[in-house]
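Beneath this line is the structure, given in structure tokens, with notes to follow.
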């Protein structure tokens, strides 16, 4: 049996499913979605070839759904030796590595807001190089005021560690300073103006350790064009002024965001699900109405546990546990932008 999907003749998703039903004699329970298609294809008991013609036109009509279709058929082929996929005509789109299957689930709720991680997502960086330079510049700033470098670094690390285990009963700012003072002494509270000055002036020199991609600004602009409010959902261990500075380094005006998570207003850190609930609550939406974009498997992808749609940006991928990233939509900025256009 041969089923032909001609991109020139498939104008929308309904037409696609009509063609599949007619050519594959799909059962009455077929739900006209790609999840149901996968089930039907893996149950086929006779040799079947699915031919996709004029894939460029299919993509023009269906967008990312065409890529999803192809991915689903390929997955089904791996699980049914009687099924074969043939691409008769390739397209000339860039070779993006976007992959997604509707079987991964989804709440079905309309997306109302896009959350973006910053470090390694909007702002390319090597976090190790950034941290090393941060401490070098900070200790140089504070040494003349009697702060021994190693003690200062220990104090910063103690404060950050405390925020990362916040149970929601305090702001991250309160926990940071409580533990920082335990290491560096009460005088640190009197010197807060010096730390504010550091972030306003000296901190700006660290921008040289970060990269830049114009796609970050372009993607935020695309969200606005599509009508999606944007939240910068970055790890809230720094004051807002530092977050705004780093966003500017990425070429994005802070005013483009509904808000930026920072230690002043956050009560959790990633990957605690409380962090994502708090962001949704602040927006006045359900978690299922948000989509999260990030580069860190361990910190950003847990948002999916609350029903958030997720996209893993792979340009500066962090995958410490070596998880199989095929379970999430993923790719570079071009793939991300296509994914955004196809949400809901």
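Please work out if residue 155 is assigned by TED's automatic domain parsing to the domain that holds residue 241 and touching a helix residue (DSSP H, G or I) at 6+ places or on another chain (Cβ under 8 Å).
Numbers: assigned by TED's automatic domain parsing to the domain that holds residue 241: no; touching a helix residue (DSSP H, G or I) at 6+ places or on another chain (Cβ under 8 Å): yes.
So residue 155 fails the test.
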Give the stretch 33-55 a look and list any residue that's surrounded by fewer than 16 Cβ atoms within 10 Å (Cβ to Cβ) and under 13 Å from residue 65 (Cα atoms), or say none.
33, 35
Out of (1) within 22 Å of residue 269 (Cβ to Cβ); (2) touching a strand residue (DSSP E or B) at 6+ places or on another chain (Cβ under 9 Å), what's the single condition that is false for residue 135?
(2)
Any residue in the stretch 147-164 that is touching a residue at least 60 places away in the same chain (Cβ under 8 Å), farther than 21 Å from residue 262 by Cα and in a helix (DSSP H, G or I)?
no
Here, helices (runs of 4 or more DSSP H) confined to the stretch 170-229 with at least 2 residues that are without any contact (Cβ under 8 Å) to a residue 40 or more places away in the chain and farther than 18 Å from residue 134 by Cα are 172-184, 187-190, 214-225
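The values are calculated or read from the model by the stated rules, or taken from the named source; none is laboratory data. Bear in mind the structure is a predicted one, so any value in this text is a computation, not a measurement. Neighbour counts run over all protein chains shown; Cβ positions are idealised from the backbone, glycine included.
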